[in-house]
Structure formats: C-alpha cells, structure tokens
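Following: one structure in structure tokens, then a few remarks.
What follows is calculated from the coordinates using simple rules that are stated; it is not laboratory data. These figures come from a predicted structure and were not determined experimentally. Cβ: placed from backbone, ideal geometry, glycine included. Neighbour counts: every protein chain shown.
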Amino acid sequence: MALLVFLHSLSLWLHVISLGLWIGGIVFFLFVFGPAVHALPPATAIRVLDRGRRSFQSLSWVAINLLLITGVFNLIFRGMGSGFLFGSGYYMILSIKLLLYLAMVFHHCLQAFKYGPKIASLTAHGDEDIESWPEPLLAHWKKWFLLLKINATLGPIVLLLGLGLSRS
C-alpha cells in the first residue's frame, strides 16, 4: 500500500512538472525568447529563432508524453481509491480538460509537422547577409506563433481544470 501511495505521489508530481515545463516553455518562448530575437540582425535572428523552435519542440514532446502517461496513471490511482465511482462533475471536468489537452496537442502537431518543416527549409535556404525577414518565412512564423498563443491561453485553463479535478 505504501508503494501505491508513493507511485501516486510521484505520478502527480511528474504531471505537474510536465505541465509546468510545457506551459513554461510556451510562456518563455512568447515573452522572452521571441522578443529577444527581434533585437538581433535578421540573418542571425532567423537561425537563432529556428534553433529555439527545435529545442522548444523537443522539450514539448517530452512534456506531452509525460502528461499523457501520468494523467492515465493519476486517473487509475484516483479510481482505485474511490472504487472508480466518480461524480458527474468529475467526468464533466475531466472531459473538458481532456478535450482542451487534445486541442493543445493538435496545435503543437501543426507547429511541429506543418509549419516546422517549412520554417526549417526556408531558414536553411536563407542568405547570410539578408537585410530583412523574407515574407514567406515571416508568414509561417506568424502562424506558428498564433498557435503558440492559443496554447498559452488553453494551458492555464487546463491547469485550473486539473485543480478542479483534485477538489472534486
């Protein structure tokens, strides 16, 4: 029994840390890294921003997978403690949380698999002495950042719903 309590606590902490990494990465990219890159010359900024995008993407996939795994374990541990008898409010909050989490993953997939390769390709073919951002690259970055802003909005909502689950 002590092992189950330890595993449940570990799972909860990994869940919270993973969410913090993902949302923290989003916030850092939006409010610190992205604006800081604009102070650099365009040729350097383009490469630095793409390198940051790839690092953020790697961190995000680790966090997304940990969130999924620990979320399932947390549901199982919670169910074992209550005989899998949850109230209707719990299921409603869980459903909304899961839907928003899946929306965030979908947005991240668009960033990683639709816009990421285009950004990487345009960055690789860019000139070293350009004076301004190429319009096609800028258009892809704007779409990528829009998805990031949407996830920055959904992330705290998912966090609050998780707190609601822990209270119900």
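State the answer as a single residue: which of A152, V37, A124 lies farthest towards the positive end of the charge dipole of the chain, with beta carbon charges of +1 for Lys and Arg and -1 for Asp and Glu, about the Cα centre. Farthest towards the positive end: A152. Net charge dipole, the range 51-168: roughly 520 debye, given to the nearest 20, about the Cα centre with Cβ charges of +1 for Lys and Arg and -1 for Asp and Glu. Packing-based ranking of 15-25, 78-88 yields 15-25, 78-88, ordered from highest to lowest mean Cβ neighbour count within 10 Å. Annotation: amide H-H contacts under 5 Å for S168 (H modelled 1.01 Å from N, sequence separation of 5 or more, or interchain): none.
Counting only complete DSSP H runs, which helices of the chain cover 24 Å or more along their long axis at the Cα atoms and score a mean Kyte-Doolittle of -0.5 or above? What comes out of the filter, once short or polar helices are dropped, is 2-28, 42-82, 88-109, 135-167. Sorted largest first, the spans of the alpha carbon positions of the range 2-167 along the three principal axes are 65, 29, 23 Å.
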